[in-house]
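Contents: one structure, followed by commentary.
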Amino acid sequence: MSLRVYNTQSRKKEEFVPLREGKAGLYACGITAYDFCHIGHARSAVVFDVITRYLRYCGYEVTYVKNFTDVDDKIIDRARREKKGIAEIAERFITEHDRDMAALNVSPPTQSPRATAHIDGMIDLVRTLIAKGLAYEMGGDVYFAVEKFPSYGKLSGRNLQDMMAGARIDVNDRKRNPYDFALWKASKEGEPFWESPWGRGRPGWHLECSVMSQHYLGPAFDIHGGGEDLIFPHHENEVAQSEGATGVPLARYWIHNGFVRVNDEKMSKSLGNFFTIRDVLKQYHPEVLRLFLLQSHYRSPVDFSDAALAESRQGLNRFYAVLDAIEALNPDAPPDGEATLSARDREWIAQIETLPERFREAMDDDFNTARAIGYLFDAVRLINTALASRKEPVSPEVLKRSGQILKEVGSVLGFFRESSETYLRLDREREAAKRGLFPAEIEARIAERRAAREAKAWQEADAIRKELADRGVILQDGPAATTWSIP
């Protein structure tokens, strides 16, 4: 099966055929750097990180470009409130963005351009559009004339005439058409500006991505992506100004991720129902958040809640617990070849080695991470069955190979960056802190219980176990030591 992706523009799944064989160019719209990143940003970042990882896993040489908007009304407003320059505000939140992405194990893009580094290119693009009769200048502002671009609306599926019929006209608006959009804005007093043929001003938001994407990927490239909320007007306007200037399709495939919802409403700063990445990561391991975001298909909405995150934590714990159990095994000498494996081992390895194939089958169906993760859980159940089997044991070396396959496939989704020992320790410590417990306190009580058991004070030992269980701490007695966890 070849890779098929859902193209927003055609509204159907299409076979992925890149412009250049073996190479893929991908552009995703990044943040406006005026505040901390929220979970909506995390979803888009994780989705396009996984798409990039999977394309590379399939052997493509990927150039991934994700921009920063570092001049914008929101940045200017924050700079005024804090009495700082816009560069200082933007730099601060770009740094915070990068810190959040690193925590989420989002690989850095190939290029991370900033809008202010491409002003000359934006001015050139505006000149081209004016020369082609697709844009006009009025009092230092320059607007794109949507009626001059006959296919306006083709990405979003909107009809311009219908939109115009329902539009509210502002008599003071200098635009010829209410849907004309700003390419260049004349600067107001106290705002940052750049010199241009139309006077001092700054670029319109939509203009930035057209220039930066084409600078790094060319006038046409393979995939353009972003959140569902960008389809209109941002990406629609990108199509108009880019294709109006070059005469060639901007992107072969348009990919958009669904919203994050809270109480059935889209999460957003304007609604005041957003959660920052940093706040969520104080409560949960970053891979828990990744698992939560990827357990739904990228085009579907996801419902954010503590219960959903807690469920994802349980799932991730199952992954790491099985890897930890495998790592605790003491394998015999590695087998010299197929002949050294038992019939049971050969049967087992044949089952587990289907995981990469099933994983690719899921991901080739429009990057279906939900189904792919289901296959990972199937593998975990299979491995747990083998670990528990006494009647038909699987050799330790074959189980270790199974763990390697699980990790290799899971890493394409950005999982298993931690060792199992480190992950489980961090999980215990984080959950203990939520309950007002300290690991040292728990370990001390375990030591007291051990001493009670050695003294055959069974009632005292049972009381300590019950005390910890009442506080959410479950003890597991092993042959060498007693470990603890918080489900």
- Does Thr369 count as of a type in the set (Val, Ile, Thr), within 26 Å of Thr8 (Cα to Cα) and in contact (Cβ under 8 Å) with a residue 12 or more places away in the chain? yes
- Query: Failed condition for Phe274, given (1) at pLDDT 95 or above; (2) at negative phi; (3) not in a helix (DSSP H, G or I), with all others met?
  - Reply: (1)
- Note on the structure: All conditions in (1) outside any strand (DSSP E or B); (2) more than 20 Å from Ile223 (Cα to Cα); (3) touching a residue at least 40 places away in the same chain (Cβ under 8 Å) are true of Arg261 except (1)
- Search segment 340-359 for residues that are assigned to a helix (DSSP H, G or I) and pair each with any residue that is surrounded by fewer than 13 Cβ atoms within 10 Å (Cβ to Cβ) and modelled with pLDDT under 90 when their beta-carbon atoms are under 7 Å apart and the residues are at least 6 apart or on different chains. Arg344/Glu392
- Among the residues of segment 276-332, write down those that are closer than 19 Å to Met363 by Cβ and among the acidic types (Asp, Glu). Glu287
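If I go through segment 353-376 residue by residue, how many of them are charged (D, E, K, R) and either on the phi > 0 side of the Ramachandran plot or at pLDDT below 95 (or both)?
Within segment 353-376, residues that are charged (D, E, K, R) and either on the phi > 0 side of the Ramachandran plot or at pLDDT below 95 (or both) number 2.
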- Query: Residues Asp365, Asp427: which one is out of contact with any helix residue (DSSP H, G or I) (no Cβ under 6 Å at 6 or more places or on another chain) and farther than 15 Å from Glu287 by Cα?
  - Reply: Asp365
- Are there any pairs with C-beta distances below 7 angstrom linking a residue in segment 381-397 that is in the same structural domain as Leu323 (by TED's automatic domain parsing) to a residue that is loosely packed, with under 12 Cβ neighbours inside 10 Å, with the two at least 6 apart or on different chains, and if so which? Ser395/Asp332; Pro396/Asn330; Pro396/Asp332; Glu397/Asp332; Glu397/Pro334
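Yes or no, residue by residue, for (1) under 24 Å from Leu104 (Cβ atoms); (2) of a type in the set (Gly, Ala, Ser):
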{"site": "Ile349", "(1), (2)": "no, no"}
{"site": "Asp366", "(1), (2)": "yes, no"}
{"site": "Ala388", "(1), (2)": "no, yes"}
{"site": "Gly414", "(1), (2)": "yes, yes"}
{"site": "Thr422", "(1), (2)": "yes, no"}
{"site": "Ala432", "(1), (2)": "yes, yes"}
{"site": "Ala440", "(1), (2)": "no, yes"}
{"site": "Arg450", "(1), (2)": "no, no"}
{"site": "Arg453", "(1), (2)": "no, no"}
- Item | Of the criteria (1) under 15 Å from the mean Cα position of the chain (by Cα); (2) of a type outside the set (Gly, Ala, Ser); (3) surrounded by fewer than 19 Cβ atoms within 10 Å (Cβ to Cβ), which one Leu271 fails | (1)
- Note on the structure: Of the residues in segment 240-249, those that are crowded, with 24+ Cβ neighbours inside 10 Å and farther than 10 Å from Leu125 by Cβ come to Ala240
- Query: Taking the condition in contact with an Asp or Glu (Cβ under 8 Å, 6 or more places away or on another chain), outside any strand (DSSP E or B) and under 23 Å from Thr32 (Cα atoms), does His206 pass?
  - Reply: yes
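Would it be correct to say that Arg158 is under 35 Å from the mean Cα position of the chain (by Cα), closer than 25 Å to Pro197 by Cβ and of a type outside the set (Phe, Trp, Tyr)? Lay out the reasoning, then the answer.
Working: under 35 Å from the mean Cα position of the chain (by Cα): yes; closer than 25 Å to Pro197 by Cβ: no; of a type outside the set (Phe, Trp, Tyr): yes.
The answer is no for Arg158.
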- Task: Quick one: which residue in Leu341, Leu406 is at pLDDT below 95 and either assigned by TED's automatic domain parsing to the domain that holds Ser44 or surrounded by 14 or more Cβ atoms within 10 Å (Cβ to Cβ) (or both)?
- Result: Leu341
- Query: Just to be sure, is Arg4 in contact with a strand residue (DSSP E or B) (Cβ under 8 Å, 6 or more places away or on another chain), in contact (Cβ under 8 Å) with a residue 12 or more places away in the chain and farther than 17 Å from Gly226 by Cβ?
  - Reply: yes
- Query: Residues in segment 102-128 that are among the aliphatic types (A, V, I, L, M) and either touching a helix residue (DSSP H, G or I) at 6+ places or on another chain (Cβ under 6 Å) or outside the structural domain of Ile89 (by TED's automatic domain parsing) (or both): how many?
  - Reply: 6
- Item | Residues of segment 19-48 classified as surrounded by fewer than 20 Cβ atoms within 10 Å (Cβ to Cβ), in a loop (DSSP other than H, G, I, E, B) and on the phi < 0 side of the Ramachandran plot, total | 5
- Message: I need a count of the residues in segment 454-487 that are out of contact with any Leu (no Cβ under 6 Å at 6 or more places or on another chain), hydrophobic (A, V, I, L, M, F, W, C) and not in a loop (DSSP other than H, G, I, E, B).
- Response: 8
- Expected single match for assigned to a helix (DSSP H, G or I), in contact with a Gly (Cβ under 6 Å, 6 or more places away or on another chain) and not assigned by TED's automatic domain parsing to the domain that holds Tyr54 among Arg290, Arg313 is Arg290
- Query: So is Trp194 crowded, with 24+ Cβ neighbours inside 10 Å, more than 19 Å from Ser112 (Cα to Cα) and of a type outside the set (A, V, I, L, M) or not?
  - Reply: no
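For the condition closer than 30 Å to Tyr216 by Cα, buried (at least 18 other Cβ atoms within 10 Å of the Cβ) and either in contact with an Asp or Glu (Cβ under 9 Å, 6 or more places away or on another chain) or touching a residue at least 12 places away in the same chain (Cβ under 8 Å) (or both), what is the one hit in Tyr298, Tyr320, Tyr284?
Tyr298
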- Among the listed residues Leu399, Leu426, which satisfies the condition of being surrounded by fewer than 16 Cβ atoms within 10 Å (Cβ to Cβ) and either touching a His at 6+ places or on another chain (Cβ under 9 Å) or part of a helix (DSSP H, G or I) (or both)? Leu426
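The values are calculated or read from the model by the stated rules, or taken from the named source; none is laboratory data. In this text the structure is predicted, and so the values were computed from the model without any measurement. So basically every Cβ, Gly included, is an ideal-geometry build from the backbone, and we count neighbours across all protein chains shown.
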